[in-house]
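J.: Submitted below is the structure of interest, expressed as structure tokens.
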Amino acid sequence: MGYKLTLFPNADSIKSEVKCSACGCVLESPVCLPCSGQHLVCSTCLLRKSTGRQKLFRCPSCHDRIVLDNSGEDSSLEQLLNGKGVPNWIRVELASLRLSCPKRCGSTGLRLSELGRHFGANCGKTEVACGHAGCAKVYRRELAEQHDSECPFKRVECRVCKKQMLNKDLMAHQLKARCHDLELKLARKQCMKQCNKDVLEHYRLLREHSLVTMQEFRRTELCHLERMGVQGFARRQPLPHLTAVASLNSCDAMKRCERCRRVFNCDSNHETACRWHGGPLSQRARWRMKVKHWQSLRESLQGCIR
Ligand SMILES: [Zn+2]
Ligand SMILES: [Zn+2]
Ligand SMILES: [Zn+2]
Ligand SMILES: [Zn+2]
Ligand SMILES: [Zn+2]
Ligand SMILES: [Zn+2]
């Protein structure tokens, strides 16, 4: 069989002279028949369609009988297969045709004359033999990387003792020389080191966080003390969660608490305020807040301190 016409992007413009008269495809290693019309066929078509012990072939165009047997008078089969008598312009015409790879590797725009080089160098669908001594595996070129990684005859190095050996002997060596055990031991040591580092880092973060919480608590407490009238206890600090509500009331004293979303008056609304408003808290309530904070702190630290 020659090259199928569907492989050529401009199949319509291909001259009929470069098509095989047996299969109708573009000629593959053309043979010039010694018939009256000197018709051209592919060498594979010639061998496939010749019959009998004498290798009788009938030209598909002019129906002349040709005896291909070397002892026959027509011509030596070998000379025919070598392309004897094929006009030079046919060869030039064939070499200039462009086609996609017949093995469907995805390459396009290849010259017919470059096809052999393409199969030999970079066609993913062409079968190649494994290059490692002793391996008889034949595989498609696109699978070369996969086979190389698992080829039993590839020379590899033991990761632990750096000894060179064949891939197929590696497992037995690592079991025998206890390289596996050594590797596991090293990995465990590394893991322990990392774990200790993580715990220390976690502990540091917790301490930092608790410090921030403590500062916030202290600030709130100081504000409460100031509102209760204990002056000079600390410098007045603005409560960050209180924003003035200008649109609701023109009175400057009206504020909105960002925590409970309630608008309140600083002077008169203390009974309904949430504790973040900064309304005066009783001694008892302040103590409850402190205890609650310490409890949550202790819970968050539990299990981290040894
Ligand atoms: Zn053919
Ligand atoms: Zn003929
Ligand atoms: Zn290809
Ligand atoms: Zn191999
Ligand atoms: Zn080893
Ligand atoms: Zn509030």
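The values are calculated or read from the model by the stated rules, or taken from the named source; none is laboratory data. Predicted model, so just to flag it, every value in this text is computed and none were measured. Cβ placement follows ideal geometry from the backbone for every residue including glycine, while neighbour counts extend to all protein chains displayed.
So that you can scan it fast, the table gives a plain yes or no per residue for (1) among the acidic types (Asp, Glu); (2) more than 16 Å from ligand 5 (Cβ to nearest atom):
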position: 128; (1), (2): no, yes
position: 141; (1), (2): no, yes
position: 145; (1), (2): yes, yes
position: 149; (1), (2): no, yes
position: 152; (1), (2): no, yes
position: 170; (1), (2): no, no
position: 174; (1), (2): no, no
position: 183; (1), (2): yes, no
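J.: Determine which member of the set 60, 87, 102 is out of contact with any Ser or Thr (no Cβ under 9 Å at 6 or more places or on another chain) and crowded, with 17+ Cβ neighbours inside 10 Å. Reasoning before the result, please.
T.: Values: 60 fails: out of contact with any Ser or Thr (no Cβ under 9 Å at 6 or more places or on another chain); 87 fails: crowded, with 17+ Cβ neighbours inside 10 Å.
The unique qualifying residue is 102.
J.: For residues that are surrounded by 15 or more Cβ atoms within 10 Å (Cβ to Cβ) and more than 55 Å from the chain's Cα centre (by Cα), scanning just region 34-54, find the one that is farthest from ligand 6 (Cβ to nearest atom).
T.: Applying the filter and picking the extreme gives 34.
J.: Of the residues 119, 153, only one is more than 16 Å from ligand 6 (Cβ to nearest atom), under 30 Å from residue 89 (Cα atoms) and surrounded by 13 or more Cβ atoms within 10 Å (Cβ to Cβ); which? Full working, then the answer.
T.: Values: 153 fails: under 30 Å from residue 89 (Cα atoms).
After applying the criteria, what remains is 119.
J.: Check whether at least one residue in region 55-74 is within 30 Å of residue 100 (Cβ to Cβ) and of a type in the set (Gly, Ala, Ser), and report yes or no.
T.: Taking region 55-74 as the starting set, the residues that turn out to be within 30 Å of residue 100 (Cβ to Cβ) are 60-61.
After this cut, where a residue has to be of a type in the set (Gly, Ala, Ser) as well, the list is 61.
Scanning region 55-74 turns up at least one residue that is within 30 Å of residue 100 (Cβ to Cβ) and of a type in the set (Gly, Ala, Ser).
J.: Find the residue count for region 60-82, including only residues that are more than 15 Å from residue 47 (Cβ to Cβ) and at pLDDT 80 or above.
T.: Residues flagged as more than 15 Å from residue 47 (Cβ to Cβ) and at pLDDT 80 or above within region 60-82 amount to 5.
J.: With the condition kept exactly as written, say whether any residue in region 158-173 is within 16 Å of ligand 6 (Cβ to nearest atom) and not polar (S, T, N, Q). If you could, list the steps in order and put the result at the bottom.
T.: Step one: list which residues in region 158-173 are within 16 Å of ligand 6 (Cβ to nearest atom), which gives none.
The answer is no; no qualifying residue exists.
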